[in-house]
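Student: Following this message is one structure expressed as structure tokens.
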Amino acid sequence: MRKAPLLESVMPVMFLAAIQFVNAIVGLVFLVIFPPFGAAVLAALALFTWRSLRVNRQRSFLLMLSESIKRGIPLIPALEAFGEEYSGWRGRARRLADALANGIPLIDAIRLFNGFVPSESLPLIQAGHRSGRLAAALKRAAKQGDQSGPVWQSVALRIFYLGWMLCVILLIWTFIAVKILPAFEKIFADFGMDLPPMTQTLFDIGNFAMNFGAVLFFPVGMFLIFLLGYVTMCYLGLLTFDLPGLRWIVRRLDTATVLDTLAFTTEASQPMPGALASLASEYPRKSVRRRLRFAWLGVAEGGDWCDSLVANRLMSSADAGVLRAAARANNLPWALHEMADSNRRRFAYRLQAVVQILSPIVIVGVGLTIGFFVIACFLPLVKLIEVLS
């Protein structure tokens with residue numbers, strides 16, 4: 001039997017609320033047992049909750065604007081009603097309504113007050129505004145939803161897990177170096193014996209770490225903190241630049257936004273050079289604006305727009321082949337939207353593949369390290385038992 005529509009819509013929300021409630025209980029328990037870890041769990045839960053609320057409200061805002069424009073509903077009363085529905089955005093919606101009442105165009109008002117829409121959706125909305133299909137562009141931006149958010153969340157959780165695992169290993173290592181190894185050294189000195197080679201190696205590493213630990217662990221800790229901060233900012237949607245060497249991972253998202261924007265341009269039969277010029281001046285990511293500028297110059301000089309996008313690494317040659325075939329069949333807008341969705345899926349697959357490859361390598365390395373600790377601390381006991389027996 002098929003579930004009622006209301007139940008289908010409520011169940012995911014209830015499931016998410018249950019997960020957050022369990023995580024909050026776990027965080028509170030660890031806050032008492034191990035305060036640093038508990039505080040980190042509660043902070044991560046707060047960020048996850050804040051972002052989920054923000055994404056849901058942005059999506060509701062886009063759908064509200066789309067339906068209001070489509071049905072001819074005045075935007076100012078609609079914004080006021082939206083502010084009453086979402087009390088956290090009441091002041092923000094009021095300021096946006098005041099801006100519209102003062103004659104500021106909707107697209108300029110959205111850009112003036114950040115946070116109403118994701119930054120990556122602004123080029124798409126602006127293209128819909130220029131092409132006279134703003135309602136469709138807003139609905140498309142809402143439909144895109146939070147496709148990259150779960151991927152960034154998965155990466156952030158893995159880095160968070162790795163960081164805390166290294167902290168626990170460091171605490172265990174400190175205890176072994178301060179308490180266990182000196183006791184073994186004293187016992188073996190009393191019996192006039194040498195420590196086993198593996199235990200002696202661990203002892204030497206401990207002495208070296210005690211003397212130069214800050215020099216060794218501080219850069220590693222800072223790198224992990226920076227990496228976790230970068231991924232967290234990407235997850236929160238607050239970052240618009242790429243780390244060196246990571247451009248190949250996130251370029252699929254930029255390609256998807258560019259193709260979606262060009263789809264609305266072609267639907268309105270607008271010239272491609274003008275669309276690329278607008279994108280080159282409005283795109284939120286600086287590195288992509290530079291590539292779009294070069295692509296626009298290539299098209300303005302008479303080059304093919306697909307070749308220009310491929311040459312500037314804004315689109316793959318396979319995508320270009322599909323779009324050329326769609327253009328010959330007079331079905332280019334649909335193909336642009338489909339290629340945009342395909343690039344978003346490929347971004348998720350690519351990032352998940354990188355994480356799935358690196359995670360086992362790191363876990364195996366950590367397991368080998370722990371195994372070395374265990375064997376190095378166990379061998380002295382075996383040797384003492386042999387001597388005493």
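The values are calculated or read from the model by the stated rules, or taken from the named source; none is laboratory data. Not measured: the values here are computed from a predicted model. Ideal geometry is used to build each Cβ from the backbone, glycine not excepted, and the neighbour counts take in all protein chains shown.
Student: Among residues belonging to segment 86-136 that are touching a residue at least 12 places away in the same chain (Cβ under 8 Å) and charged (D, E, K, R), point out the one that is nearest to Arg59 (Cα to Cα).
Tutor: Checked segment 86-136; the qualifying residue nearest to Arg59 (Cα to Cα) is Glu120.
Student: Any residue in segment 285-306 that is assigned to a loop (DSSP other than H, G, I, E, B), under 30 Å from Leu162 (Cβ atoms) and of a type outside the set (Ser, Thr, Tyr)?
Tutor: Checking segment 285-306: at least one residue is assigned to a loop (DSSP other than H, G, I, E, B), under 30 Å from Leu162 (Cβ atoms) and of a type outside the set (Ser, Thr, Tyr).
Student: Same structure, new question: Go through segment 178-219 and give me each residue that's modelled with pLDDT of 80 or more and of a type in the set (Val, Ile, Thr).
Tutor: Across segment 178-219, the qualifying residues are Ile180, Ile187, Thr199, Thr201.
Student: Given the conditions (1) surrounded by 19 or more Cβ atoms within 10 Å (Cβ to Cβ); (2) at pLDDT 80 or above; (3) in a helix (DSSP H, G or I); (4) out of contact with any Gly (no Cβ under 6 Å at 6 or more places or on another chain), report the number of the one that Met315 does not fulfil.
Tutor: Of the numbered conditions (1) surrounded by 19 or more Cβ atoms within 10 Å (Cβ to Cβ); (2) at pLDDT 80 or above; (3) in a helix (DSSP H, G or I); (4) out of contact with any Gly (no Cβ under 6 Å at 6 or more places or on another chain), the odd one out for Met315 is (3).
Student: Restricting to segment 305-329, what's the tally of residues that are within 20 Å of Glu267 (Cβ to Cβ) and among the charged types (D, E, K, R)?
Tutor: 3
Student: Report whether or not Arg293 is of a type in the set (D, E, K, R) and modelled with pLDDT of 90 or more.
Tutor: yes
Student: A follow-up question, please. Can you list residue pairs whose Cβ atoms sit under 6 Å apart, with the first residue in segment 266-278 being within 16 Å of His337 (Cα to Cα) and the second being crowded, with 19+ Cβ neighbours inside 10 Å and of a type in the set (Gly, Ala, Ser)? Count only pairs 6 or more apart in sequence or on different chains.
Tutor: Cβ pairs passing all conditions: Ala268/Ser131.
Student: What's the number of the condition Leu62 fails, among (1) in a loop (DSSP other than H, G, I, E, B); (2) of a type in the set (A, V, I, L, M); (3) surrounded by 17 or more Cβ atoms within 10 Å (Cβ to Cβ)?
Tutor: The one condition Leu62 does not meet is (1).
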